[in-house]
Amino acid sequence: MAFLFAVSSGTVSGRVSHIPDWMTHGAGYAVLAVLACRALAGGIGRPVTARVAALAVLISTLYGVTDELHQSFVPGRVADAWDLLKDLAGAVAGAVACAWPRPTDGQRRKAA
(Lines give C-alpha, C1' and ligand atoms only; values in the text may rest on other atoms or scores of the structure.)
Protein backbone atom coordinates (compact mmCIF):
# COMPACT_ATOMS: atom_id res chain seq x y z
CA MET A 1 0.00 0.00 0.00
CA ALA A 2 2.86 2.36 0.78
CA PHE A 3 4.37 1.67 -2.64
CA LEU A 4 1.06 2.36 -4.40
CA PHE A 5 0.66 5.55 -2.36
CA ALA A 6 4.14 6.73 -3.30
CA VAL A 7 3.62 5.98 -6.99
CA SER A 8 0.28 7.77 -7.07
CA SER A 9 1.74 10.82 -5.34
CA GLY A 10 3.64 11.92 -8.44
CA THR A 11 2.78 12.77 -11.99
CA VAL A 12 2.94 10.12 -14.70
CA SER A 13 6.01 10.65 -16.86
CA GLY A 14 8.93 8.95 -18.56
CA ARG A 15 8.89 5.26 -19.37
CA VAL A 16 5.84 4.56 -17.22
CA SER A 17 3.71 6.82 -19.42
CA HIS A 18 4.17 4.32 -22.28
CA ILE A 19 2.72 1.41 -20.29
CA PRO A 20 -1.06 1.04 -20.74
CA ASP A 21 -2.97 2.29 -17.72
CA TRP A 22 -4.92 -0.95 -17.33
CA MET A 23 -1.65 -2.87 -16.95
CA THR A 24 -0.22 -0.69 -14.21
CA HIS A 25 -3.46 -0.63 -12.22
CA GLY A 26 -4.12 -4.32 -12.81
CA ALA A 27 -0.63 -5.43 -11.85
CA GLY A 28 -0.41 -3.20 -8.79
CA TYR A 29 -3.71 -4.31 -7.35
CA ALA A 30 -3.18 -7.96 -8.29
CA VAL A 31 0.02 -7.92 -6.22
CA LEU A 32 -1.80 -6.16 -3.37
CA ALA A 33 -4.55 -8.80 -3.42
CA VAL A 34 -2.02 -11.65 -3.48
CA LEU A 35 -0.24 -10.18 -0.47
CA ALA A 36 -3.57 -9.66 1.32
CA CYS A 37 -4.58 -13.27 0.57
CA ARG A 38 -1.32 -14.60 1.96
CA ALA A 39 -1.59 -12.45 5.09
CA LEU A 40 -5.25 -13.31 5.72
CA ALA A 41 -4.64 -17.03 5.12
CA GLY A 42 -1.80 -17.04 7.64
CA GLY A 43 1.22 -17.50 5.38
CA ILE A 44 2.48 -18.97 2.15
CA GLY A 45 1.80 -22.63 2.91
CA ARG A 46 -1.78 -22.09 4.03
CA PRO A 47 -4.74 -22.60 1.67
CA VAL A 48 -6.66 -19.53 0.49
CA THR A 49 -10.40 -20.03 0.82
CA ALA A 50 -13.01 -18.21 -1.24
CA ARG A 51 -13.87 -16.15 1.85
CA VAL A 52 -10.24 -15.07 2.27
CA ALA A 53 -9.98 -14.23 -1.44
CA ALA A 54 -13.19 -12.17 -1.32
CA LEU A 55 -11.94 -10.30 1.74
CA ALA A 56 -8.63 -9.60 0.02
CA VAL A 57 -10.50 -8.19 -3.00
CA LEU A 58 -12.61 -6.02 -0.70
CA ILE A 59 -9.57 -4.69 1.17
CA SER A 60 -7.66 -4.03 -2.06
CA THR A 61 -10.59 -2.29 -3.71
CA LEU A 62 -11.31 -0.15 -0.65
CA TYR A 63 -7.67 0.88 -0.71
CA GLY A 64 -8.18 1.74 -4.39
CA VAL A 65 -11.01 4.07 -3.36
CA THR A 66 -8.74 5.86 -0.89
CA ASP A 67 -5.98 6.02 -3.49
CA GLU A 68 -8.29 7.67 -6.04
CA LEU A 69 -9.37 10.15 -3.37
CA HIS A 70 -5.70 10.83 -2.61
CA GLN A 71 -4.99 11.40 -6.31
CA SER A 72 -7.70 14.05 -6.47
CA PHE A 73 -5.42 16.22 -4.29
CA VAL A 74 -2.24 15.58 -6.29
CA PRO A 75 -1.48 18.24 -8.94
CA GLY A 76 -1.66 16.72 -12.42
CA ARG A 77 -3.66 13.70 -11.24
CA VAL A 78 -7.40 13.07 -11.10
CA ALA A 79 -9.69 10.61 -9.39
CA ASP A 80 -11.22 8.31 -11.99
CA ALA A 81 -13.93 5.67 -11.61
CA TRP A 82 -12.42 3.73 -14.55
CA ASP A 83 -9.15 3.50 -12.64
CA LEU A 84 -11.05 2.06 -9.69
CA LEU A 85 -12.60 -0.54 -12.00
CA LYS A 86 -9.09 -1.47 -13.21
CA ASP A 87 -7.99 -1.76 -9.57
CA LEU A 88 -10.93 -4.07 -8.85
CA ALA A 89 -10.16 -6.24 -11.89
CA GLY A 90 -6.52 -6.57 -10.86
CA ALA A 91 -7.51 -7.44 -7.28
CA VAL A 92 -9.92 -10.12 -8.52
CA ALA A 93 -7.25 -11.61 -10.78
CA GLY A 94 -4.72 -11.74 -7.94
CA ALA A 95 -7.17 -13.25 -5.46
CA VAL A 96 -8.40 -15.86 -7.95
CA ALA A 97 -4.80 -16.85 -8.67
CA CYS A 98 -4.28 -17.42 -4.95
CA ALA A 99 -7.52 -19.30 -4.34
CA TRP A 100 -7.40 -21.48 -7.47
CA PRO A 101 -7.38 -25.14 -6.40
CA ARG A 102 -3.99 -26.79 -6.72
CA PRO A 103 -3.36 -30.52 -6.77
CA THR A 104 -2.01 -32.01 -3.58
CA ASP A 105 1.20 -34.08 -3.51
CA GLY A 106 -0.88 -37.27 -3.52
CA GLN A 107 -2.81 -36.16 -6.59
CA ARG A 108 0.43 -35.32 -8.40
CA ARG A 109 1.92 -38.75 -7.63
CA LYS A 110 -1.19 -40.54 -8.97
CA ALA A 111 -1.03 -38.54 -12.20
CA ALA A 112 2.64 -39.43 -12.76
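The values are calculated or read from the model by the stated rules, or taken from the named source; none is laboratory data. In this text, all values refer to a predicted model and were calculated from it rather than measured experimentally. Neighbour counts run over all protein chains shown; Cβ positions are idealised from the backbone, glycine included.
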Members of the stretch 6-20 found to be assigned to a helix (DSSP H, G or I) and modelled with pLDDT of 80 or more, listed by number: ALA6, VAL7, SER8
Only one of VAL96, VAL65, VAL92 that is of a type in the set (Val, Ile, Thr), modelled with pLDDT of 95 or more and crowded, with 20+ Cβ neighbours inside 10 Å: VAL92
Considering only residues that are in contact with a Lys or Arg (Cβ under 7 Å, 6 or more places away or on another chain) and closer than 19 Å to MET1 by Cβ, look in the stretch 14-55 and name the one that is surrounded by the fewest Cβ atoms within 10 Å (Cβ to Cβ). GLY26
